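Everything below concerns the one structure shown next.
Any read-out appearing in this document is the output of simple, stated calculations on the displayed coordinates, not a laboratory observation. Note that the structure is predicted; figures quoted are calculated from it, not measured.
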Amino acid sequence: MTDKTVATARPEAEPILETHGLVKEFRGFVAVDGVDLKIRRGHIHALIGPNGAGKTTCFNLLTKFLQPTRGTIRFKGRDITGEAPQRIARTGMVRSFQISAVFPHMTVLENVKVALQRKLGTTFHFWESGASLRRLDEQAMALLASVGLERYADMVTVEMPYGRKRALEIATTLALEPELMLLDEPTQGMGHEDVELVMQLIKKVSVNRTILMVEHNMKVVSGICDAITVLARGAILAEGDYDAVSSNPLVIEAYMGSEAAQLAGAH
């Protein structure tokens, strides 16, 4: 019985993504400074920090939109430091909102079908009739249902509320069948209702996959994240669960003022 428990827990505890000594310099300025990350399978892991902490640069390094000056990146145990961005996506690590195929003047259903077509490795032909993609309808509708958008299927995307557009972006990312989703500021610019919607959606789609997210909203971080890494001036300042991080004097000092109040009051 003990062996069975250990065997069940182990896959969740293994790291899916690791960095060792990750450094990025821009003409003498060190934007990411010796970052060692360990993102465990099945976790929602947040990367937080004050403005200019290096969070977006770190994301760009992980998804290979930037090459590191030094250090290594391992995904599923394999060194991907020198890989191209498109190859990274094909191996199961997908950055949402930056590369997801959302076209404002197409319908919601058409957007998901385009994403599914990308997964097949074929090209979407805008001049062809919809009949050529009808075989993808059932799969596309299932993806829309998974993010609560089935009733929006025939709506032109540009007419959707902001929070629902983010849900669509998540659906198009899910079409690529990621094992690890990287979400960059998923609730940025949203009102309270949309934040709640996207927060619950992230929690829902995290089942059977791993999520790494950059997020400023501490209510979101405290509400759904299993682990948190705090960056400051490009280096890791603290790591742990929300309670440990939010009470860390170094973290409170780095945030200061109103941001520190938000950090402490998120619960």
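Observations, loosely collected:
- In the calculated pair-distance distribution of segment 184-233, the portion above 18 angstrom amounts to 26 percent of the Cα-Cα pairs.
- Cα shape, segment 16-86, gyration tensor, a/c 1.5 rule: oblate
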